[in-house]
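I have placed the structure first, in the form of structure tokens, so that the comments after it can refer back to it.
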Amino acid sequence: MSGIPVRERLVDAALDLFDERGYEQTTADDIADRAGVGRTTLFRHYRSKEDVIFPDHDRLVTAVRERLATSSADTALVAVTDAVRLVLLRYIEEGDRARRRYALTSRVAALRDREIASVARYQRLFREFIAEWMGPAPGAALRAELMAAAVVSAHNHVLRRWLRRDAADPAAELDAAMAQVVSLFTRPDEPAGGGSTVVVLRDLRDPEYVAATIRRALQQA
């Protein structure tokens, strides 16, 4: 027990207690006691009891913003896809904790509202970035809004499949989903139709596997 980082002990304690007693019946003091730490230690790491079970969205949003900031006009869509992948991989790294949170947010309205608010932060960040990339052309603001919503929807679709254990390779599914999203949009100053946009990502998997994934995405577009 002592070898587990305090933050992780607090997460596990909160998840256990929310399952055993219910969210409303569990206090911050209960979580601290179960984790074997004091109340002050809990609030040194988290702002509230619901914060305990959620990813560090502040840090993740910062990572997404930094990835987007490294792009140019020509690589903007690659940056969006990379940034979405960062979010998905963070959930995958959590493993069973992410799945337990998903079960909780499905039945606890307060936690579900918190999750929705977190999703809105990412969508706003993508919308602002895409709007800047598209420029001030007529209709660009609406296109940016629609594309940001599509980006978040693609991520959430793949994430839910993984959480339900329906996705054997969620990263590949996300790549294919994002290829479909990208194919729906062009910048206002680019000709529409007549071709496909291919987003090439850095990938350590077998090239034939990656090529097959791209072919499937293009066939579905």
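The values are calculated or read from the model by the stated rules, or taken from the named source; none is laboratory data. Keep in mind the model is a prediction, meaning the values are calculated, not measured. Don't worry about glycine lacking a Cβ; one is built from the backbone with ideal geometry, like all the others, and counts go over all protein chains shown. Please note that ligands, DNA and RNA were not included when accessible areas were found on the heavy atoms of the full protein model with its side chains. Shrake-Rupley method; radii C 1.70, N 1.55, O 1.52, S 1.80 Å.
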Applying the selection to region 104-143, what residues are acidic (D, E) and open to solvent by 80 Å² or more (accessible area, probe 1.4 Å)? D113, E128, E132
Of the residues R67, R99, only one is within 22 Å of M178 (Cα to Cα), open to solvent by less than 60 Å² (accessible area, probe 1.4 Å), modelled with pLDDT of 95 or more and assigned to a helix (DSSP H, G or I); which? R67
Hits in region 34-49 (condition: in contact (Cβ under 8 Å) with a residue 12 or more places away in the chain and surrounded by fewer than 19 Cβ atoms within 10 Å (Cβ to Cβ)): R34, G36, V37, T41, F43, H45, S48
Would you point out which residue out of A83, A98, A69, A79 is under 29 Å from R127 (Cα atoms), touching a Phe, Trp or Tyr at 6+ places or on another chain (Cβ under 9 Å) and in contact (Cβ under 8 Å) with a residue 60 or more places away in the chain? A98
Quick test of your reading of the structure: D206 fulfils all but one of (1) at pLDDT below 90; (2) at positive phi. Name the failing condition by number. (2)
Tell me, which residue of region 86-95 that is in contact (Cβ under 8 Å) with a residue 40 or more places away in the chain and aliphatic (A, V, I, L, M) is surrounded by the most Cβ atoms within 10 Å (Cβ to Cβ)? V87
